[in-house]
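Encoded as structure tokens, the structure appears first; notes follow it.
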Amino acid sequence: MTTPSLPAKRTRWVVIAIIILALGGALAFWLSRDRGKEDALRLYGNVDIREVQLAFRQPGRVMQMAFDEGDAVRAGACLAALDAQPYRDALAAAQAQVQVAQAELAKLRRGLRPQEITQAREALRKAQALATETERNFQRQSGLLASGASSQRTVDAARTARDQAAAGVEAAKAGLSQASEGFRKEDIAAAEARLAAAQAAAAQATTALADTELVAPSDGTIIARVREPGSMVASQSTVYSLSLDKPVYVRAYVGEPDLGRIAPGTVVHVKSDSSNKVYRGQIGFISPRAEFTPKTVETTDLRTDLVYRLRIVIDEADSDAALRQGMPVTITLDAPPGPAVPTGKR
């Protein structure tokens, strides 16, 4: 039996070394890939779609219910309407009060009519003429008293008539001045305030009339129709329940050891069990308060572990009707371990 030559032995060892290196590289590759998978953070949560309880701000009788459960509605669509006739009547009465207040204010600002000023002027002339006549009579009676042709009683009566006539002249002058100047500023200010109050009442009546129509605040789907035409409703009584199409949120929880791996604005991927579609979203809120894991969340951690609530906002371009209220979802994000970051609202 021949012994292998030295070059043949060297070649065999070189081949063995190459094989070992190749296997080691492959093993390192697989380990690094598995380690990368382990580094990917996985969370669990539920879809949280906002709902709105729609109600009239005014009481009344329902005249129209335009949509049924399951109907899609657009923002601004009229969902329901009340009997508006009582509110039309109230608006007409309020507008009439505005006209009355406007007329009163215009009268005060314009002042008295020219005829009334003329009457005041003529009243002054009449008072002046009477004062002149009574003054002459007093002077005459005073002269006759010295000669004994008149008595003291007659002179006193003439003096009283003169004084009364002089007072009448002053009153007539004040009346003419008041008629010429018009009404007081305080009266005009009070009339302006009454007009403003009437206008405010008319604005309230206009708003109340507009509130007889129930308008959708945004796009959504009717999930409950609570009332029917003919029903009497009080203000703030729910008529429809509306599920908003956008935005779509996901409520999830993260354990305290992984809190430093996330931050508001972190991009995440959301997937449900009902489809293979992966939704893109962002972390919008991290609760600053710890709590115990809710029973509705399924994780591999112990139930007694403290967690922090997250709110994830699904991109509007990705969200669709497949994400329904309360649906369980899985959230993943490739966030390498790092220092803890402050939590807060985006």
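Assess whether ARG303 counts as being at pLDDT below 85, over 30 Å from ILE223 (Cα atoms), in a strand (DSSP E or B) and open to solvent by 70 Å² or more (accessible area, probe 1.4 Å). It is false that ARG303 is at pLDDT below 85, over 30 Å from ILE223 (Cα atoms), in a strand (DSSP E or B) and open to solvent by 70 Å² or more (accessible area, probe 1.4 Å).
Summed over the range 60-75, the residues that are touching a Phe, Trp or Tyr at 6+ places or on another chain (Cβ under 8 Å) and either open to solvent by 60 Å² or more (accessible area, probe 1.4 Å) or of a type in the set (Phe, Trp, Tyr) (or both) give a count of 1. Number of residues in the range 236-261 that are closer than 30 Å to GLN64 by Cα and open to solvent by less than 50 Å² (accessible area, probe 1.4 Å): the value is 9.
Mind listing whichever residues of the range 103-142 are open to solvent by less than 50 Å² (accessible area, probe 1.4 Å), touching a residue at least 12 places away in the same chain (Cβ under 8 Å) and either within 49 Å of the chain's Cα centre (by Cα) or within 18 Å of ARG184 (Cβ to Cβ) (or both)? Selection gives LEU105, LEU108, GLY111, ILE117, ALA120. Residues considered: ARG50, ARG42. Of these, the only one that is touching a residue at least 40 places away in the same chain (Cβ under 8 Å), under 26 Å from the mean Cα position of the chain (by Cα) and open to solvent by 60 Å² or more (accessible area, probe 1.4 Å) is ARG50.
Listed by first and then second residue, the pairs linking a residue in the range 256-271 that is on the phi > 0 side of the Ramachandran plot to a residue that is exposed (fewer than 14 other Cβ atoms within 10 Å of the Cβ), with Cβ atoms under 9 Å apart and 6 or more places separating them unless they lie on different chains, are GLY265/ARG346.
Inclusion of ALA146 among residues that are of a type in the set (A, V, I, L, M), part of a helix (DSSP H, G or I), modelled with pLDDT of 85 or more and out of contact with any strand residue (DSSP E or B) (no Cβ under 8 Å at 6 or more places or on another chain) is not warranted. Across the range 273-291, the number of residues qualifying as more than 17 Å from PRO247 (Cβ to Cβ) and either open to solvent by less than 10 Å² (accessible area, probe 1.4 Å) or not β-branched (Val, Ile, Thr) (or both) comes to 11. When PRO339 is tested against (1) surrounded by 15 or more Cβ atoms within 10 Å (Cβ to Cβ); (2) modelled with pLDDT under 80; (3) of a type outside the set (Ser, Thr, Tyr); (4) in a loop (DSSP other than H, G, I, E, B), exactly one condition is not met: (1). Just one of the listed residues (THR160, THR221, THR206) is modelled with pLDDT under 95, surrounded by 15 or more Cβ atoms within 10 Å (Cβ to Cβ) and hydroxyl-bearing (Ser, Thr, Tyr), and it is THR221.
The values are calculated or read from the model by the stated rules, or taken from the named source; none is laboratory data. Worth saying up front: this structure is predicted, and the values here are computed from it rather than measured. Note that we place each Cβ from the backbone using ideal geometry, even for glycine, and neighbour counts take in every protein chain shown. Surface accessibility is based on the protein's heavy atoms, side chains included, excluding ligands, DNA and RNA. Shrake-Rupley method; radii C 1.70, N 1.55, O 1.52, S 1.80 Å.
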